[in-house]
1. When you look at Val202, is it assigned by TED's automatic domain parsing to the domain that holds Ala119, buried (at least 16 other Cβ atoms within 10 Å of the Cβ), over 17 Å from the mean Cα position of the chain (by Cα) and touching a residue at least 40 places away in the same chain (Cβ under 8 Å), yes or no?
2. Identify, from the list Val211, Val223, the residue that is in a loop (DSSP other than H, G, I, E, B), in the same structural domain as Ala129 (by TED's automatic domain parsing), under 16 Å from the mean Cα position of the chain (by Cα) and at negative phi.
3. Filter the range 161-191 down to the residues that are at pLDDT below 55 and either among the polar types (S, T, N, Q) or in the same structural domain as Arg47 (by TED's automatic domain parsing) (or both), then identify the one that is surrounded by the fewest Cβ atoms within 10 Å (Cβ to Cβ).
4. Could you check the range 1-92 for strands (runs of 3 or more DSSP E) lying wholly inside it with 3 or more residues that are modelled with pLDDT of 90 or more and within 26 Å of Ile113 (Cα to Cα)?
5. Hey, among Thr144, Thr159, Thr125, which residue is of a type in the set (Ser, Thr, Tyr) and outside any helix (DSSP H, G or I)?
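The values are calculated or read from the model by the stated rules, or taken from the named source; none is laboratory data. Bear in mind the structure is a predicted one, so any value in this text is a computation, not a measurement. Please note: Cβ atoms are built from the backbone with ideal geometry, for glycine as well, and neighbour counts cover all protein chains shown.
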Amino acid sequence: MPERTPLAQRSQDRQQIQRTRELTFTGAGARLQYTFLMALFRVAVSRGLYGRFARWLGRIFSRDNQVLLSIDGAPPFRVSLNDGYWTRFALWHEEYEPEIAAVLKAASGRAEIFCDCGANKGYWTVRAAPLFDRVIAAEAAEATFAALSVNAGHLPNVTLHRVAIHAVSGERMTFVNVENSHASARLLSDGKPGPGDKTETVETRRIDDLVPEGVPALIKLDVEGAEVAALEGASRAIRDGAVIIYEDHGSDSTCAPSSHLLNTPDTCLFFCDDGFRQVTSLDQVRALKTDPYKGYNLLAAHRDSALLAGIMERL
């Protein structure tokens with residue numbers, strides 16, 4: 001067996017990756033459709049208007065039109081051009097969620113595992129593949145998991161799980177996928193499905209059963225309102241030194257995941273949008289959340305986490 005490159009050398013090699021952004025189109029029609037979408041992006045007055053226009057264009061052009069986006073030499077991420085979310089955020093010229101990209105780069109070489117919980121179609125899964133020895137991605141929705149498999153299923157260091165991240169493993173969860181939404185889902189018990197919504201049942205899995213014991217991992221958590229249950233299922237991983245990037249949505253006035261973490265002993269919270277700023281109260285989180293339609297990324301870890309210290313040093 002060939003000798004593995006030392007972790008420090010892998011870290012140095014990864015830090016030398018230059019910032020690049022490459023688009024590849026599946027054909028001339030895809031390029032034209034992309035041009036229309038990016039023009040609309042400049043003038044759209046609302047997310048809803050843009051989404052309706054993207055779907056309307058998708059009925060005029062071929063439904064197979066796609067753009068393959070590769071950033072910093074990562075494997076390509078396929079974006080269907082009738083997708084009102086990913087065309088708007090992944091394909092626009094500004095970087096999508098740059099705070100997450102910065103944390104991934106800072107953790108590269110210091111964490112061997114990246115765990116993408118609520119991976120959606122795999123944007124961060126493929127971005128992380130060149131940066132970490134192992135990438136674990138979990139997604140619950142059937143159609144979204146199929147797209148995730150196309151984007152990342154062929155990558156040798158990526159493992160995919162079609163599961164719902166929750167507090168306990170092995171239970172069955174029924175949820176509703178909301179029509180015309182890239183990720184919105186809710187438990188069936190929270191209300192009947194609407195016209196066009198799809199009901200699915202999957203097995204639950206806790207983060208502690210995805211991340212190996214004793215291995216500090218970088219974990220991204222975006223599970224559409226189930227963050228508190230997911231965090232309850234990550235208690236051992238947090239004690240082992242994991243660092244969690246989690247979403248606190250602008251529409252949640254209770255700041256439920258941040259409230260849970262602030263009440264967890266020895267756990268530190270940080271804003272990671274512009275360097276590191278520690279969070280000590282919910283009032284700070286509420287002050288950050290100015291847009292009710294946006295998810296805000298924060299970072300949490302045990303105060304003694306060596307991985308946290310390493311990320312802070314780099315950022």
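1. Here the answer is yes, as Val202 does meet what is asked.
2. Of Val211, Val223, the one residue that is in a loop (DSSP other than H, G, I, E, B), in the same structural domain as Ala129 (by TED's automatic domain parsing), under 16 Å from the mean Cα position of the chain (by Cα) and at negative phi is Val223.
3. Ser189
4. 66-71, 77-80
5. None of the others qualify; the one that does is Thr159.
One line per residue, one yes/no per condition, for (1) crowded, with 21+ Cβ neighbours inside 10 Å; (2) assigned by TED's automatic domain parsing to the domain that holds Asp208; (3) out of contact with any helix residue (DSSP H, G or I) (no Cβ under 9 Å at 6 or more places or on another chain); (4) acidic (Asp, Glu):
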residue	(1), (2), (3), (4)
Arg21	no, no, yes, no
Met38	no, no, no, no
Ser80	no, no, no, no
Ala101	no, yes, no, no
Gly109	yes, yes, no, no
